[in-house]
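The values are calculated or read from the model by the stated rules, or taken from the named source; none is laboratory data. Predicted model only: the values in this text are computed from it and were never measured. Every residue, glycine among them, receives a Cβ derived from its backbone with ideal geometry; neighbour counts consider all protein chains shown.
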Amino acid sequence: MKDHNLAIVGLGRVGTAFLQQLLDKQDERIGIRCVIEPDDTAGKLLARENGIEIVDVDELVEMGMSIDVVFDFTGDVAFRPMLEGKLASVHNSHTSVCNSNIARFIWALMSDDCLPEVHGSKYQALADMLLERGMEGDLPSVKASQES
(Lines give C-alpha, C1' and ligand atoms only; values in the text may rest on other atoms or scores of the structure.)
Protein backbone atom coordinates (compact mmCIF):
# COMPACT_ATOMS: atom_id res chain seq x y z
CA MET A 1 0.00 0.00 0.00
CA LYS A 2 1.16 3.54 -0.77
CA ASP A 3 1.80 6.18 1.89
CA HIS A 4 -1.19 8.24 0.74
CA ASN A 5 -4.16 6.52 -0.89
CA LEU A 6 -6.61 8.73 -2.72
CA ALA A 7 -10.07 8.55 -4.21
CA ILE A 8 -11.46 10.99 -6.74
CA VAL A 9 -15.18 11.61 -7.00
CA GLY A 10 -16.47 13.29 -10.13
CA LEU A 11 -14.53 12.81 -13.34
CA GLY A 12 -15.88 15.64 -15.43
CA ARG A 13 -13.39 18.06 -16.96
CA VAL A 14 -11.95 19.18 -13.59
CA GLY A 15 -11.71 15.75 -11.95
CA THR A 16 -10.26 14.32 -15.16
CA ALA A 17 -7.59 17.03 -15.31
CA PHE A 18 -6.72 16.32 -11.66
CA LEU A 19 -6.56 12.56 -12.29
CA GLN A 20 -4.34 13.07 -15.34
CA GLN A 21 -1.96 15.30 -13.36
CA LEU A 22 -1.67 12.69 -10.60
CA LEU A 23 -1.02 9.96 -13.18
CA ASP A 24 1.63 12.12 -14.85
CA LYS A 25 3.40 12.69 -11.52
CA GLN A 26 3.93 8.94 -10.95
CA ASP A 27 4.84 9.50 -7.29
CA GLU A 28 5.52 6.16 -5.61
CA ARG A 29 4.14 7.50 -2.32
CA ILE A 30 0.71 8.33 -3.77
CA GLY A 31 -1.81 5.71 -4.82
CA ILE A 32 -5.05 6.41 -6.63
CA ARG A 33 -7.10 3.68 -5.00
CA CYS A 34 -10.45 4.31 -6.70
CA VAL A 35 -12.73 6.76 -8.45
CA ILE A 36 -16.47 7.37 -8.46
CA GLU A 37 -18.11 8.47 -11.70
CA PRO A 38 -21.57 7.24 -12.70
CA ASP A 39 -21.42 8.62 -16.24
CA ASP A 40 -19.28 7.55 -19.17
CA THR A 41 -16.68 10.33 -19.22
CA ALA A 42 -13.16 10.63 -20.56
CA GLY A 43 -11.96 10.54 -16.95
CA LYS A 44 -13.74 7.28 -16.23
CA LEU A 45 -12.14 5.78 -19.34
CA LEU A 46 -8.74 7.12 -18.24
CA ALA A 47 -9.18 5.53 -14.81
CA ARG A 48 -10.22 2.22 -16.35
CA GLU A 49 -7.22 2.28 -18.76
CA ASN A 50 -4.90 2.81 -15.80
CA GLY A 51 -6.35 -0.03 -13.75
CA ILE A 52 -7.98 2.23 -11.18
CA GLU A 53 -11.01 0.70 -9.50
CA ILE A 54 -14.35 2.35 -10.27
CA VAL A 55 -16.72 2.14 -7.30
CA ASP A 56 -19.88 3.67 -5.89
CA VAL A 57 -20.21 5.60 -2.63
CA ASP A 58 -21.03 2.56 -0.50
CA GLU A 59 -18.04 0.63 -1.87
CA LEU A 60 -15.77 3.59 -1.10
CA VAL A 61 -17.09 3.70 2.47
CA GLU A 62 -16.45 -0.06 2.81
CA MET A 63 -12.79 0.51 1.92
CA GLY A 64 -12.46 2.12 5.34
CA MET A 65 -9.13 3.50 6.38
CA SER A 66 -7.42 2.28 3.22
CA ILE A 67 -8.53 5.62 1.74
CA ASP A 68 -6.74 8.62 3.24
CA VAL A 69 -8.17 11.46 1.15
CA VAL A 70 -11.21 11.77 -1.09
CA PHE A 71 -11.19 14.64 -3.59
CA ASP A 72 -14.71 15.84 -4.37
CA PHE A 73 -15.10 17.28 -7.87
CA THR A 74 -18.83 16.69 -8.13
CA GLY A 75 -19.78 20.34 -7.86
CA ASP A 76 -22.67 19.18 -5.65
CA VAL A 77 -22.63 20.99 -2.28
CA ALA A 78 -24.63 18.15 -0.71
CA PHE A 79 -22.18 15.41 -1.70
CA ARG A 80 -19.38 16.07 0.81
CA PRO A 81 -21.65 16.22 3.90
CA MET A 82 -23.43 13.06 2.70
CA LEU A 83 -20.12 11.18 2.29
CA GLU A 84 -18.78 12.49 5.60
CA GLY A 85 -21.99 11.27 7.27
CA LYS A 86 -21.58 7.80 5.78
CA LEU A 87 -17.94 7.68 6.88
CA ALA A 88 -18.93 8.79 10.40
CA SER A 89 -21.64 6.12 10.53
CA VAL A 90 -18.94 3.44 10.22
CA HIS A 91 -16.69 5.29 12.71
CA ASN A 92 -14.14 6.26 10.03
CA SER A 93 -12.57 9.46 11.33
CA HIS A 94 -9.40 8.82 9.31
CA THR A 95 -10.58 9.51 5.76
CA SER A 96 -10.73 13.21 4.83
CA VAL A 97 -13.13 14.49 2.18
CA CYS A 98 -11.67 17.54 0.47
CA ASN A 99 -13.49 19.98 -1.73
CA SER A 100 -12.13 21.47 -4.93
CA ASN A 101 -10.50 24.40 -3.08
CA ILE A 102 -8.07 22.04 -1.35
CA ALA A 103 -7.51 20.23 -4.65
CA ARG A 104 -6.67 23.58 -6.28
CA PHE A 105 -4.04 24.22 -3.64
CA ILE A 106 -2.50 20.81 -4.20
CA TRP A 107 -2.71 21.34 -7.97
CA ALA A 108 -0.76 24.61 -7.59
CA LEU A 109 2.02 22.65 -5.88
CA MET A 110 2.07 20.03 -8.68
CA SER A 111 1.63 22.08 -11.84
CA ASP A 112 2.13 25.47 -13.45
CA ASP A 113 -1.07 24.97 -15.46
CA CYS A 114 -4.47 26.15 -14.25
CA LEU A 115 -7.04 23.65 -13.04
CA PRO A 116 -10.42 24.38 -14.66
CA GLU A 117 -13.15 25.75 -12.40
CA VAL A 118 -15.97 23.46 -11.28
CA HIS A 119 -18.47 26.33 -11.27
CA GLY A 120 -16.78 28.43 -13.96
CA SER A 121 -15.59 30.92 -11.30
CA LYS A 122 -15.87 31.56 -7.60
CA TYR A 123 -18.38 34.28 -8.43
CA GLN A 124 -20.57 31.72 -10.18
CA ALA A 125 -20.25 29.50 -7.10
CA LEU A 126 -21.39 32.44 -4.95
CA ALA A 127 -24.33 33.12 -7.27
CA ASP A 128 -25.27 29.41 -7.19
CA MET A 129 -25.12 29.38 -3.39
CA LEU A 130 -27.28 32.49 -3.06
CA LEU A 131 -29.81 31.16 -5.56
CA GLU A 132 -30.04 27.85 -3.71
CA ARG A 133 -30.43 29.59 -0.34
CA GLY A 134 -33.10 31.84 -1.81
CA MET A 135 -35.03 28.88 -3.17
CA GLU A 136 -34.91 27.28 0.28
CA GLY A 137 -36.20 30.52 1.86
CA ASP A 138 -32.94 30.87 3.78
CA LEU A 139 -32.25 34.49 2.74
CA PRO A 140 -33.91 37.53 4.24
CA SER A 141 -36.00 39.35 1.70
CA VAL A 142 -34.60 42.48 0.12
CA LYS A 143 -37.77 44.41 1.04
CA ALA A 144 -37.39 43.51 4.74
CA SER A 145 -33.77 44.70 4.80
CA GLN A 146 -34.74 48.00 3.10
CA GLU A 147 -37.41 48.68 5.73
CA SER A 148 -34.92 48.52 8.61
Single condition Leu139 does not satisfy, out of (1) of a type in the set (A, V, I, L, M); (2) within 26 Å of Asp3 (Cα to Cα); (3) at pLDDT below 95: (2)
Number of the exception - Arg104 against (1) more than 17 Å from Leu11 (Cβ to Cβ); (2) free of Cβ contacts under 8 Å to residues at least 12 places away in the same chain; (3) of a type in the set (D, E, K, R): (1)
